[in-house]
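*Asks:* Input: one structure, supplied below.
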Amino acid sequence: MNDYESLLRAHDPAAGKVLTSFDRTRTLAGARKRRRVTRPRLAAAVAMLVLVLVAVMVAHRRPQPEPRQIQYATPGGTRIIWTLDPQFHM
């Protein structure tokens with residue numbers, strides 16, 4: 001045994017005591033009660049995870065905007081065409 005384990009065993013308040021059947025029944029009933037409380041939380045967590053995944057997938061599938069053109073013609077016949085590309089980044 002290491003030092004921590006021997007210290008824990010030396011100062012254990014339940015050393016030498018035995019659980020009665022009443023104590024076991026009460027402990028198991030408390031564990032069952034806590035388990036029932038966690039199932040709705042687990043279901044809520046799974047539902048939120050599914051909701052977030054669906055939202056990410058929908059946002060990712062959004063169509064990308066098309067490039068736009070702006071055309072300008074001068075009275076002298078010069079034509080100027082600008083192409084605005086939303087995907088272009090400097």
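*Asks:* Just checking, does segment 15-26 include any residue being small (G, A, S), surrounded by fewer than 10 Cβ atoms within 10 Å (Cβ to Cβ), at pLDDT below 85 and assigned to a loop (DSSP other than H, G, I, E, B)? Reasoning before the result, please.
*Replies:* Filtering segment 15-26 down to residues small (G, A, S) leaves 15-16, 21.
From what is left, the residues that are surrounded by fewer than 10 Cβ atoms within 10 Å (Cβ to Cβ) are 15-16, 21.
So of that shortlist, the ones also at pLDDT below 85 come out as 15-16.
In the following step, the residues that additionally are assigned to a loop (DSSP other than H, G, I, E, B) were identified as 15-16.
Yes: one or more hits.
*Asks:* In the list Q71, Q64, which residue meets the criterion of being polar (S, T, N, Q) and either in contact with an Asp or Glu (Cβ under 9 Å, 6 or more places away or on another chain) or in a loop (DSSP other than H, G, I, E, B) (or both)?
*Replies:* Working: Q71 fails: either in contact with an Asp or Glu (Cβ under 9 Å, 6 or more places away or on another chain) or in a loop (DSSP other than H, G, I, E, B) (or both).
Matching residue, one of Q71, Q64: Q64.
*Asks:* Of the numbered conditions (1) at pLDDT below 85; (2) loosely packed, with under 10 Cβ neighbours inside 10 Å; (3) part of a loop (DSSP other than H, G, I, E, B), A59 satisfies every one except a single condition; which is it?
*Replies:* Condition not satisfied by A59: (3).
The values are calculated or read from the model by the stated rules, or taken from the named source; none is laboratory data. If you're wondering where the values come from, they're calculated on a predicted model, not measured in any experiment. Note: ideal-geometry Cβ built from the backbone for every residue, glycine included; neighbour counts use all protein chains shown.
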